[in-house]
Each structure stands twice: as C-alpha cells, then as structure tokens.
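I have placed the structure first, in the form of structure tokens, so that the comments after it can refer back to it.
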Amino acid sequence: MSLEMVVKGVVFDEGQKSPVVLLTDLAHTVTLPIYIGMVEATAIAVHLDKVDLGRPLTHDLMKTAIEALHGDILRVHVTELKNGTYYANVVLSQDGRELRLDARPSDAIALAIRAAVPIFVDEEVIDESNLLIEDDAEKRDS
C-alpha cells in the first residue's frame, strides 16, 4: 500500500549541513524528511515560493519535453529505502501505455510539484525510515 503525501517544505539541517524536503501525509499526522542536494532543494523551493527566474530550470524542461512528446505525468512514487537511500519512480502515460522512470526522489518531487500530480510513498518506506516525524495533533490542539 502507498500513502499519498504532499510537500510540506524544504528546510536546512544545520547538523548535517544538508537540505531536507519534508513530505507529509494528507492528514498531517506523519512527516517524512528526505535529505537532498542543494540544487534539487533550490529547484523545489523556487517552485514552491513561485519565484520567476525568467528561464526554465531542468525540471521545467523535462515537464515541457514530456508534454511535447504527448505524454502525461501521472504521479510520483517513492518506492524503496535501501541502505539509507530513497528510490522513486515518475509514472507517465503515453499513447495509452504507462511508463515508469527511475528517478531520485528529489528530482521526482521537483517534477511532481510542477505537474501538480500526486506523490505517493510506500508504507514500507515510511515504516523503515528512522527519520520519521510523527506529528501529535492532540498536543497541538490542547
């Protein structure tokens, strides 16, 4: 089974000196942090913050290329966590067939937010992550 998640934001972990994209489930009860590179963090943050750079970034180009080839981006799926590395697929449709492209989660997420498509994470990935943040809604509401 998979859980649909959305991008909560991009933060910088001072201790690890690395950017982190935060994915949260639709009920905002679980947040999954995924450490990413600076370039990918910038690509995600620029789009989230609606910054107009005047020229397309790589993820904008990829979206445009897929559309020019009569493809549709359907969803992104974080499928695996192996030896501390997350794996993802970009799921496309073209000419009635579904295609899965192997991708780094950061690139897949950057593409997903541009295409406004859902992001899914396998529940096994969430269960295996030792970085999982469980939001306590009851404490926030009291």
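Bear in mind these aren't lab numbers, they're just calculated from the coordinates by the rules spelled out. Note that the coordinates shown come from a computational prediction; the quantities given were computed from them, not determined experimentally. Neighbour counts are summed over all protein chains in view; Cβ atoms, including those assigned to glycine, are modelled from backbone coordinates with ideal geometry.
Would segment 1-85 count as rounded, prolate or oblate if I go by the C-alpha gyration tensor, calling it rounded below 1.5 in a/c and otherwise prolate when a/b exceeds b/c, oblate otherwise? Oblate is the answer for segment 1-85, as a/c is 1.5 or above yet b/c matches or exceeds a/b. Under a 5 Å amide H cut-off, with hydrogens placed 1.01 Å from N, LEU99 pairs with LEU92, SER93, GLN94 among residues at least 5 apart or on other chains. Could you give the distance between the Cα centres of segment 54-76 and segment 19-39, to the whole Å? Centre-to-centre distance over Cα atoms comes out at 22 Å. Quick one: grab the alpha carbon gyration tensor of segment 7-55, order the square roots of its eigenvalues as a ≥ b ≥ c, and give me rounded if a/c is under 1.5, else prolate or oblate depending on whether a/b is larger than b/c. Because a/c hits 1.5 or more and a/b fails to exceed b/c, segment 7-55 counts as oblate.
For segment 7-109, the list of GluC sites (Glu not before Pro) that fall in a loop by DSSP and count at most 10 other C-beta atoms within 10 angstrom reads GLU14. Working note: Karplus 6.51/-1.76/1.60 with θ = phi - 60° gives segment 103-120 the couplings 8, 5, x, 5, 5, 4, 5, 4, 6, 4, 5, 6, 8, 6, 10, x, 10, 10 Hz, where Gly and Pro are set to x.
In percent, rounded to a whole number, the relative contact order of the chain is 27, using alpha-carbon pairs under 8 Å and six or more apart. For the pair GLU124 and ASP13 in one chain, pulling the backbone fully straight at 0.36 nm per residue adds 37.5 nm over the alpha carbon distance. Each residue of segment 17-34 was assigned a 3J(HN,Hα) from its phi angle through the Karplus curve 6.51 cos²θ - 1.76 cosθ + 1.60 (θ = phi - 60°); the sequence is 6, 8, x, 9, 8, 9, 9, 10, 6, 5, 8, 6, 9, 9, 10, 10, x, 10 Hz, with glycine and proline shown as x.
Please say if segment 45-97 is rounded, prolate or oblate, where rounded means a/c under 1.5 for a ≥ b ≥ c the square roots of the C-alpha gyration tensor eigenvalues, and otherwise the choice is prolate for a/b larger than b/c and oblate otherwise? Cα axes put segment 45-97 in the oblate bin.
As a rough footprinting exposure proxy, the listed residues THR58, THR85, THR42, THR79 were ranked by other beta carbons within 10 Å of their own, and the order from fewest upward is THR85, THR58, THR42, THR79. Let me check I've understood the local charge: for SER18, count other residues with C-beta under 15 angstrom from its C-beta, Lys and Arg +1, Asp and Glu -1. What total comes out? That sum, taken over residues with Cβ under 15 Å, equals -1.
In degrees from 0 to 90, rounded to the nearest 10, what is the angle of the helix 58-68 Cα long axis to the longest principal axis of the chain? So the helix axis and the longest Cα principal axis differ by about 50 degrees. Derived scalar couplings between HN and Hα for segment 85-94 equal 10, 8, 10, 9, 10, 9, 9, 10, 10, 8 Hz in order, rounded to whole Hz, by the Karplus curve 6.51 cos²θ - 1.76 cosθ + 1.60 (θ = phi - 60°), x for Gly and Pro.
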